[in-house]
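Single-structure report; data block below.
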Amino acid sequence: MDFGLSEEQTMIISVARQLADDFEEEEKRLEEEGLEQSDSLKKKLAQLNFTGMTLSSEYGGQGYGNLEAVLVLEQLARKCPSLAGIFHETNFGPVRQIDFWGSDYLKGKYIPPVCNGDTLISIGMTEPEAGSALTDLKTKAELRGDYYILNGQKRFVSAVGVSDSYMVFVRLTEERGARGIGTIIVDKDTTGFKFGRRERMMGHNTMAQRDLIFEDAFVPKGNLVLEAGGFAKAMLCFDVERVGNGTISLGIGQGALESSIEYSQQRYQFGKPICEFQAVQFMLADMTMMVEAARLLLYKAASNSGKGFPSRLESSVAKCYSNEMAKKVTDLALELFGGYGYSKDYPIEILLRDSRGWAIAAGTPQMQRIGIASDLLKRRFDQRR
Ligand SMILES: Cc1cc2nc3c(=O)[nH]c(=O)nc-3n(C[C@H](O)[C@H](O)[C@H](O)COP(=O)(O)OP(=O)(O)OC[C@H]3O[C@@H](n4cnc5c(N)ncnc54)[C@H](O)[C@@H]3O)c2cc1C
């Protein structure tokens, strides 16, 4: 592995960094007013060719590898949760499943609007009774003529207010577990499809969560992405999603570290800047070690996977470590800021709140550890027995 970055990669980083700096105030406004992402953010990302930078160039994407997308996302996530969320969905999210496995029809229909910044696609996997035990999901899709009829409910789906389409994990046959599961795209104006109330979460305010409710929803059969039994293929795409998720945690940790370095030099107590106290220096050193370690794991998973699927082991190790890192680093940062860390007028508390959400989304750290152990021991541990 060589992490010596090319001139182009360095330039991509500086454009992303500048973008995050330019939009910091707009992001604060969205957060304060409890607004979900604005179209202007999607359009800004599209102007810079950041929406869909990992998607196939024949459908309007830029054809970049996972590493370039990680480099951008890390910069955005330092201070701009909405830009990071949109970038994540359009480069690591369910649209990658369409790019990897979708029919030409689906690619032609759904990828260009994502790249143009016109739309987002969210992912609907979780159900009230199927969270970590995802293969217990019950949402059914029954083929009737030219349509699948969907019935069921998805929980905690992100960005529902702003996405136009949903990659929904459904049960297509009576077979138990993963075997009967496939995926289908549902557009927001589909008959028999509605959203639940906006969840009142502790963070993630600009990518709010809602239920998806299907009551005899009619979905054209051409919208099927993966047939029953395609769950393993969907999980390969999820290895990509894990890298994106872990990268947002990396950006959150880096953001907290940068703010802490700055604050520790500005804040005076006992007549000197607090960075002159060794206890504060050690906090900064600990934060740096954790952020650097997470960065290396993520760059490794992204760089080894090129434009394809990261290994489950590398993506799980990177996501799990980076999620845990962001929780610890934002906690240290809050302590370093003292009372101001607890204040909404300073940048730390939102990073801390969001770090918790990203650690749960896309599989909890415990579930990552189960996958890691399984790969290490080369055995599958059935959690139901
Ligand atoms: C901010 C946020 C955004 C989200 N976005 C989406 C989205 O866009 N789309 C979507 O489909 N879902 C989304 N989710 C849902 C998320 O994927 C689930 O919350 C997550 O998978 C955990 O499921 P659960 O909440 O049902 O918890 P549970 O599965 O009930 O887990 C509860 C606890 O039990 C532990 N646990 C469960 N099983 C085991 C086991 N076998 N061994 C050890 N520990 C275990 C878990 O680790 C956890 O600590 C989001 C969640 C959040 C918080």
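Every number in this text was worked out from the coordinates using simple rules, so none of it is lab data. Remember, it's a predicted structure, so these values are computed and weren't measured experimentally. All Cβ positions, even for glycine, are placed from backbone atoms using ideal geometry, and neighbour counts span all protein chains on display.
Taking the number of Cβ atoms within 10 Å of each Cβ as an exposure proxy, the fewest-first ranking of I213, I123 is I213, I123. Electrostatic bookkeeping for L376 treats Lys and Arg as +1 and Asp and Glu as -1; over the other residues with beta carbon under 14 Å from its beta carbon, the sum is +3.
Our note on the geometry: Cα centres of segment 68-105 and segment 234-254, 9 Å apart.
Residues whose amide H comes within less than 5 Å of that of A130, counting only those at least five positions distant or on another chain, are absent (H built at 1.01 Å from N in the peptide plane).
Compactness check for the chain: Cα Rg over 2.2 N^0.38 Å is 0.98. Restricting the calculation to alpha carbons of segment 10-124 gives Rg and Dmax of 13.6, 42 angstrom.
Amide H contacts of L212: K154, R155, V157, G196, each under 5 Å away and 5 or more positions distant or on a separate chain (H built 1.01 Å from N in the peptide plane; Pro and chain starts excluded).
Neighbours of S316 by Cβ distance under 9 Å: Lys/Arg scored +1, Asp/Glu scored -1, total +1.
Rounded to the nearest 0.05, what FRET efficiency do N304 and R384 give with R0 = 25 Å and r taken as the Cβ-Cβ distance? Could you check? All intermediate terms of the calculation are to be shown ahead of the outcome.
Values: r = 32 Å, r/R0 = 1.29.
For N304 and R384, the calculated efficiency is 0.20.
Give me the percent of DSSP beta bridges within the chain that run antiparallel, rounded to the nearest 5. Present the calculation step by step, with values, prior to reporting the outcome.
On the way: 30 of 35 bridges.
Bridges in the chain are about 85 percent antiparallel.
Each Lys or Arg adds one and each Asp or Glu subtracts one; over the other residues with Cβ under 14 Å from the Cβ of K327, this totals -2. Computed extension length for E175-Q366: 66.0 nm, one decimal, from 0.36 nm per residue of separation with the Cα-Cα distance subtracted. Sorted into 5 angstrom bins from 0, the C-alpha pair distances of segment 232-377 split as 2, 11, 19, 19, 16, 11, 9, 6, 4, 2, 1, 0, 0 percent.
When the helices of the chain are scored as -39500 (n - 2.57) per DSSP H run of n ≥ 4 and the total is divided over every residue, the value at 222 nm lands at -17000 deg cm²/dmol.
Placing +1 on each Lys and Arg Cβ and -1 on each Asp and Glu Cβ, with no other charges, gives segment 1-157 a dipole about its Cα centre of roughly 500 debye.
The label-point distance for Q18 and R197, in a model that sets each label 7 Å from Cα toward Cβ, rounds to 4.5 nm. Taken over the Cα atoms of segment 121-229, the convex hull encloses 90 Å³ per residue.
With Cα atoms defining each centre, segment 184-231 and segment 265-312 are spaced 37 Å apart in the structure. Here the spin labels are modelled as points 7 Å beyond Cα on the Cα-Cβ line, and at D345 and N116 they lie 4.5 nm apart.
Within a 10 angstrom radius of the beta carbon, how do E215, E32, E26 rank from fewest other beta carbons to most?
Ascending number of Cβ neighbours within 10 Å: E32, E215, E26.
The H on the amide N of Y64, modeled in the peptide plane, is under 5 Å from the matching H of T54, L55, each at least 5 residues off or on a different chain.
Between segment 340-385 and segment 1-29, the C-alpha centres lie 25 angstrom from each other.
Ranked by the mean number of other Cβ atoms within 10 Å of their residues, highest first, the peptides 321-327, 242-248, 154-160, 142-148 come out as 242-248, 321-327, 154-160, 142-148. Taking the fewest neighbouring Cβ atoms within 10 Å as the starting point, the ordered list for S122, S6 is S6, S122.
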